[in-house]
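A short worksheet on the structure shown next.
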Amino acid sequence: MSSFDQTCAGFCGELLRHEPMSRHTSLKVGGPADLYAVPKDLEDLQLLVNWLDTNQVPRMVVGGGYNLLVRDGGIRGAVISLERLNSIEALDNGCIKAWSGAENLQVVRFGQQLGLGGIGFISGIPGTIGGAVRMNAGAYGNGLLDHADSLCLLRHGSVQEGHRSQIKYGYRRLELQPGDIILAATLQLEPTDPAVTEEEIRKDLELRRTKHNVGYPSAGSFFKNPPDQAAWRLIDAAGMRGQTVGGAQMAELHSNFLINRGSATATDCLELAQKVKQAVLGTSGIQLEEEVRIVGEEL
Ligand SMILES: Cc1cc2nc3c(=O)[nH]c(=O)nc-3n(C[C@H](O)[C@H](O)[C@H](O)COP(=O)(O)OP(=O)(O)OC[C@H]3O[C@@H](n4cnc5c(N)ncnc54)[C@H](O)[C@@H]3O)c2cc1C
């Protein structure tokens, strides 16, 4: 990796070494990434990915880090942030193209200005379009990918457009090939009075202020809801609301939010998650599955 500067000539973006991932994740835990790269534009990203792949350096993409738990040993290889690929474009037929680094609320506001809507449910979901597409982020029974007309991917070094008929997804899930990078999503919106969108945004942000205001760093809901079940109810029934391991706790306000009370390590978070899974399995027979993506190495 030390040869990066000499060899990846032409890379114009920002490059950080041994960058603590606790700075880039909402849970604020996690060890360092060997390299943390922020390409300037698409060409810069392609140059970087090509160099990393040729040199067999592992890589992953991060969005806002709102659904990510990085282990304490950090990430070997490169973490790529697409925060500078963040433009949003108006297309024909009620479509907009949002690049991965654009923030969800910005995208809703962009549509609103054109008199388009239908995706107000992502207003208060923290993060970027790349992360929201990867996770099929959603709320109130909606998922973002229901509104995707096509996805633009960087696959095997080339930019490819995948039409909606080729997108395979489900609850908090999108099927991708290993190494795929989501560059942008073309979203099909509906004609909507801007005042209606404004009310959707207001309601969503207000609801989150009351229900999600856990007062400490978190990654939102830690576990997926099993079919026809609410994870928080199962966690409550297992007596795990408020339980702690080290500095990690299942929040009193929302028992499916795992919070960092200030001094938590990733190991604390993972041990607590394991305890919750065992307790829920014991009381309900249901195996909870993490919604939060867990990456990196142990110390
Ligand atoms: C307070 C709070 C409330 C939340 N409420 C909700 C909610 O209501 N509904 C919901 O669905 N989620 C919710 N979340 C979780 C989180 O906001 C979403 O999952 C969000 O979509 C993550 O976006 P991100 O940009 O932060 O992605 P990240 O967390 O950075 O990444 C998530 C995953 O996507 C991958 N990824 C990111 N960008 C790309 C890309 N361009 N190409 C390929 N892979 C990529 C990452 O490698 C990682 O595996 C909440 C989180 C918090 C903290």
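Things worth noting here:
- The protection proxy used here, the mean number of other Cβ atoms lying within 10 Å of each residue, ranks peptides 92-104, 199-211 as follows, highest first: 92-104, 199-211.
- Highest to lowest packing among 68-77, 164-173, scored as the average C-beta count within 10 Å: 68-77, 164-173
- Only helices enter the 222 nm calculation for the chain: every DSSP H run of n ≥ 4 contributes -39,500 (n - 2.57), and dividing by all residues gives -8000 deg cm²/dmol, rounded to 500.
- Simple Cβ-charge dipole of the chain, Lys/Arg +1 and Asp/Glu -1, about Cα centre, in debye nearest 20: 720
- With eigenvalues of the C-alpha gyration tensor scaled by 5 and rooted, the chain, Å: 30, 27, 16
- Cβ-placed point charges (K, R +1; D, E -1), dipole of the range 158-299 about Cα centre in debye, nearest 20: 380
- HN-Hα J in Hz across the range 203-216 - Karplus 6.51, -1.76, 1.60, θ = phi - 60°, x for Gly and Pro: 4, 5, 5, 5, 4, 5, 4, 8, 8, 10, 7, 7, x, 9
- Converting phi to 3J(HN,Hα) with the Karplus coefficients 6.51, -1.76 and 1.60 and the offset θ = phi - 60°, the range 74-87 yields x, 10, 7, x, 10, 10, 10, 9, 9, 4, 8, 9, 10, 7 Hz in sequence order, with x at every glycine or proline.
- For LEU116, the residues 5 or more places off, or on other chains, whose built amide H falls under 5 Å of its own are THR192.
- One Cα centroid belongs to the range 195-231, the other to the range 282-299; the line between them spans 20 Å.
- Checking the Cα-Cα distances for LYS211/LYS277; LYS40/LYS203; LYS203/LYS224; LYS40/LYS224; LYS168/LYS275; LYS211/LYS275 against a 26 Å cut-off, the pairs over it are LYS40/LYS203; LYS40/LYS224; LYS168/LYS275.
- Sites GLU297 and GLU198, calculated FRET efficiency, Cβ-Cβ separation with R0 45 Å, nearest 0.05: 0.50
- Taking the range 16-83 and dividing mean pair separation by its residue count, relative contact order in percent (alpha carbons under 8 Å, at least six apart): 44
- Rounded to whole numbers, the Karplus 3J(HN,Hα) couplings from phi for the range 129-139 are 5, x, x, 5, 5, 4, 8, 6, 4, x, 6 Hz, using 6.51 cos²θ - 1.76 cosθ + 1.60 with θ = phi - 60°, and x at Gly and Pro.
- For the chain, averaging the sequence separation of C-alpha pairs within contact (under 8 Å, six or more residues apart) and dividing by the residue count gives a relative contact order of 18 percent.
Any read-out appearing in this document is the output of simple, stated calculations on the displayed coordinates, not a laboratory observation. For clarity, every value in this text was computed on a predicted model and none was experimentally measured. Here Cβ is always computed from backbone atoms with ideal geometry, including for glycine, and neighbour counts include all displayed protein chains.
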